[in-house]
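These notes concern the structure reproduced below.
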Amino acid sequence: MIAEKMKGMVANSSAIRAMFEEGNRLAKIYGRENVFDFSLGNPNVEAPQAVKEAILSLVTEETPLELHGYTNSNAGYEDVRRTVAESLNERFQTAFSPENIIMTVGAAGGLNVILKTLVNPQEEVIVFAPYFGEYRSYTSNVDGVLVEISPDTESFQPKLNEFAEKITPKTKAVIVNTPNNPTGVVYSEETIREMARIMEEKQREYGTEIYLISDEPYRELAFDGVEVPYLANYYKNTIVAYSYSKSLSLPGERIGYLVIPSEVADSRDVIAAAGVANRILGFVNAPTLLQKVVAKCIGEKTDLTYYNRNRETLYEGLRQCGFRCIKPQGAFYLFVKSPIEDEKEFCEAAKRYNILLVPGSSFGCPGYVRIAYCVAYETITGALPKFQELAKQYFQR
């Protein structure tokens with residue numbers, strides 16, 4: 001008999017993964033080219049050439065023990081952490097050292113590590129809807145309580161009045177994801193400044209520490225010259241979880257890092273505990289070969305022109321069909337208003353045209369659907385006539 005908590009998790013298994021698996025099933029029936037799978041944020045852009053060159057040079061020049069052995073610290077190779085810290089210092093005018101960096105098994109691993117480090121049972125973790133649905137599981141893993149801030153469906157910027165009202169003495173952490181999955185919205189500097197002011201005020205009011213966790217797998221994916229604020233420069237108790245999954249198109253390699261600045265409350269204890277959490281959660285250390293690869297590829301990123309073409313084509317095409325959607329500033333998702341109240345029913349209707357979408361309720365925002373446009377351009381151009389047919393069911397001409 002499986003654990004009671006796992007029964008619930010199995011019953012509410014990821015709708016994103018379920019739709020992705022449905023896409024594989026349909027592809028066997030109709031052919032991959034006739035299935036328009038927008039379910040999973042799985043980058044279709046190749047990793048930069050520098051990644052391939054780094055792997056080849058490492059496997060030919062380094063010893064097997066250096067490439068595949070345990071690291072001396074659960075935090076990762078010191079030289080890799082130094083390279084990451086120096087890069088961040090140059091980009092964001094920070095003063096990080098290797099001790100502030102912990103290499104992790106992607107941002108997902110990093111989030112689980114830092115929540116394990118910080119959150120006691122029944123302490124609260126605040127998220128802003130719409131949000132990445134796995135935050136529910138990560139919070140449940142540490143017996144925390146997830147507190148949702150309802151979405152502003154006009155701008156998809158955080159509702160800060162509601163945020164201020166929902167902070168309590170039990171609030172331990174706030175998770176922010178910008179550029180956002182699923183909307184593609186970048187939280188403005190004004191939003192971040194006000195969010196920081198509210199948290200500082202609440203810390204003084206309750207005599208507690210509230211940690212801001214910045215989940216940053218999409219930091220490098222911003223369009224039209226939009227600047228993504230670096231949250232650690234706005235609020236002292238900020239911890240960053242970063243992933244190379246999207247910036248280097250390496251989602252299956254599971255490599256990222258945590259930044260725990262020295263300014264964070266109890267930073268020495270937090271850093272030490274996060275290193276232990278990395279071990280006891282079973283990660284032990286981040287993949288060693290990939291640590292060395294990303295250190296060699298600091299400053300590299302995937303070709304954004306590919307994603308931008310997909311974004312422009314799909315956004316304009318959907319608008320012409322009659323669908324409503326805010327234009328994303330980053331990441332590689334469109335968050336589209338469902339033409340009917342039950343977006344799950346709409347997803348089922350889309351499936352009849354071999355179009356696979358993810359319901360907004362998976363992100364705490366029913367009435368919308370997420371479209372991941374990190375696909376081949378031909379998938380988008382092939383899908384638009386199907387979207388036109390689908391739209392005819394809902395919009396008058």
- Message: Where the second residue is buried (at least 19 other Cβ atoms within 10 Å of the Cβ) and not β-branched (Val, Ile, Thr) and the first is part of a strand (DSSP E or B) and modelled with pLDDT of 95 or more and lies in the stretch 218-235, which pairs have Cβ atoms under 9 Å and are six or more apart or on separate chains?
- Response: Ala222/Pro179; Ala222/Gln329; Ala222/Gly330; Ala222/Ala331
- Message: Looking only at the stretch 355-397, count every residue that is outside any loop (DSSP other than H, G, I, E, B) and without any contact (Cβ under 8 Å) to a residue 12 or more places away in the chain and tell me the total.
- Response: 1
- Query: In the stretch 146-179, what residues are under 23 Å from Ile260 (Cβ atoms) and surrounded by 20 or more Cβ atoms within 10 Å (Cβ to Cβ)?
  - Reply: Ile167, Thr171, Lys172, Ala173, Val174, Ile175, Val176, Asn177, Thr178, Pro179
- Would you say Lys116 is under 21 Å from the mean Cα position of the chain (by Cα), among the charged types (D, E, K, R) and either part of a helix (DSSP H, G or I) or not assigned by TED's automatic domain parsing to the domain that holds Leu318 (or both)? yes
- Output the qualifying pairs, or none if there are none: Cβ atoms under 8 angstrom, residues six or more apart or on different chains, first residue in the stretch 151-164 and without any contact (Cβ under 8 Å) to a residue 12 or more places away in the chain, second residue assigned to a loop (DSSP other than H, G, I, E, B). Asp152/Pro158; Asp152/Lys159
- Query: Out of (1) more than 25 Å from Ser267 (Cβ to Cβ); (2) without any contact (Cβ under 8 Å) to a residue 60 or more places away in the chain; (3) in a loop (DSSP other than H, G, I, E, B), the odd one out for Thr60 is which?
  - Reply: (3)
- Could you tell me whether any residue of the stretch 66-88 is touching an Asp or Glu at 6+ places or on another chain (Cβ under 8 Å) and free of Cβ contacts under 8 Å to residues at least 60 places away in the same chain? yes
- Query: Given the conditions (1) touching a helix residue (DSSP H, G or I) at 6+ places or on another chain (Cβ under 8 Å); (2) among the hydrophobic types (A, V, I, L, M, F, W, C); (3) part of a loop (DSSP other than H, G, I, E, B), and given that Leu146 satisfies all but one, which numbered condition is not satisfied?
  - Reply: (3)
- Is it fair to say Leu318 is under 23 Å from Glu66 (Cα atoms), in a helix (DSSP H, G or I) and in contact with a helix residue (DSSP H, G or I) (Cβ under 8 Å, 6 or more places away or on another chain)? no
- Task: Might you check whether a residue that is within 30 Å of Val369 (Cα to Cα) and not in a helix (DSSP H, G or I) occurs anywhere in the stretch 99-107?
- Result: yes
- The lone condition Glu162 fails out of (1) under 20 Å from the mean Cα position of the chain (by Cα); (2) under 17 Å from Thr191 (Cα atoms); (3) outside any strand (DSSP E or B) is (1)
- Would the stretch 174-192 turn up any residue that is in a strand (DSSP E or B), in the same structural domain as Asp143 (by TED's automatic domain parsing), over 18 Å from Glu220 (Cβ atoms) and out of contact with any His (no Cβ under 8 Å at 6 or more places or on another chain)? yes
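The values are calculated or read from the model by the stated rules, or taken from the named source; none is laboratory data. As the structure is a prediction and not an experimental result, all values here were calculated from the model. Every residue, glycine as well, gets a Cβ built from its backbone with ideal geometry; the counts of neighbours run over all protein chains shown.
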